[in-house]
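Okay, structure first, notes after.
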Amino acid sequence: MHNLNIMVKTLLTGILIIGMYMLCLDIRFESKWNILVEMSVLGKTRTLIPEYNKLYKIWNYNPSFLYNYAAVLNKASDFRTSNAVIKECIKYVNDYDIQILLANNYYNLNDLSLAEKYYMNASNMCPNRFIPLYGLFLVNQKRGDQKKCYELASLILNKPIKTMSSTIKNIKREVYVFNKSKKAINRLDERNEEN
């Protein structure tokens, strides 16, 4: 009985030591990551990529780190690597922000079909948001599909605003200018057809 108590105590002590060690590793990881996030906010994104790479190799299975790392890679214009990291993140969490990041990466890689797919996913996840519609507008503008752009412009201009922001103002302004110039071109075409 005495030997059994010693074995149980030894086993519990071992488990406690391993647990404390793992907790210390996790705290150290989170601390380093927090420093990188703060430095990224200060605009030092490109110089932080090697440090993010090091942390990625010892990743602690926090999907928020994967999203943050993919966003930093996107900001540094490394769209392919950003997609690889964000697709790993999707195994754990898949939300609006992830869909927007994927769409943005594919848009910048000129893969307009996948960009459109992910902007549509984001729009379906959060139908009240302007950014997915604006992304679709930009995709179709890049394709040269003026008719689709005009439809999206109308949707954006008529979409109710829940909370005004500078992003929404800029989107509405750009789409308004496009819409206005499109109407002017249509009137000019109609006059030319009449003459």
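I'd like the full set of residues that are in contact (Cβ under 8 Å) with a residue 12 or more places away in the chain, surrounded by 15 or more Cβ atoms within 10 Å (Cβ to Cβ) and not hydrophobic (A, V, I, L, M, F, W, C), limited to region 88-107.
Across region 88-107, the qualifying residues are GLU88, TYR96, ASP97, GLN99, ASN104, ASN105, TYR106, TYR107.
Here's the yes/no breakdown for (1) assigned to a helix (DSSP H, G or I); (2) within 26 Å of LYS32 (Cβ to Cβ); (3) of a type in the set (Gly, Ala, Ser):
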site: TYR67; (1), (2), (3): yes, yes, no
site: ALA115; (1), (2), (3): yes, no, yes
site: MET120; (1), (2), (3): yes, no, no
site: LYS147; (1), (2), (3): yes, no, no
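Here are LYS172, LYS159, LYS183: which of them is at pLDDT below 90, surrounded by 11 or more Cβ atoms within 10 Å (Cβ to Cβ) and among the basic types (Lys, Arg)?
After applying the criteria, what remains is LYS183.
Could you tell me whether region 113-131 includes any residue that is acidic (Asp, Glu), loosely packed, with under 15 Cβ neighbours inside 10 Å and either in contact (Cβ under 8 Å) with a residue 12 or more places away in the chain or in contact with an Asp or Glu (Cβ under 9 Å, 6 or more places away or on another chain) (or both)?
Among the residues of region 113-131, not one is acidic (Asp, Glu), loosely packed, with under 15 Cβ neighbours inside 10 Å and either in contact (Cβ under 8 Å) with a residue 12 or more places away in the chain or in contact with an Asp or Glu (Cβ under 9 Å, 6 or more places away or on another chain) (or both), which makes the answer no.
Out of LYS44, LYS75, I need the residue that is modelled with pLDDT of 85 or more and among the basic types (Lys, Arg). Which one?
That would be LYS75, the only listed residue that is modelled with pLDDT of 85 or more and among the basic types (Lys, Arg).
So how many residues does region 160-172 have that are out of contact with any helix residue (DSSP H, G or I) (no Cβ under 7 Å at 6 or more places or on another chain) and in a loop (DSSP other than H, G, I, E, B)?
5
Might you let me know whether region 24-39 holds any residue that is of a type in the set (A, V, I, L, M, F, W, C), exposed (fewer than 11 other Cβ atoms within 10 Å of the Cβ) and more than 18 Å from SER82 (Cβ to Cβ)?
yes
Looking at ASN5, is it part of a helix (DSSP H, G or I) and loosely packed, with under 10 Cβ neighbours inside 10 Å?
Considered against the rule, which asks whether it is part of a helix (DSSP H, G or I) and loosely packed, with under 10 Cβ neighbours inside 10 Å, ASN5 comes out as yes.
Conditions first: (1) without any contact (Cβ under 8 Å) to a residue 12 or more places away in the chain; (2) surrounded by 13 or more Cβ atoms within 10 Å (Cβ to Cβ). ILE49 passes all but one, so which condition is the exception?
(1)
The values are calculated or read from the model by the stated rules, or taken from the named source; none is laboratory data. As the structure is a prediction and not an experimental result, all values here were calculated from the model. As a convention, Cβ positions derive from the backbone with ideal geometry for all residues, glycine included, and neighbour counts pool all protein chains shown.
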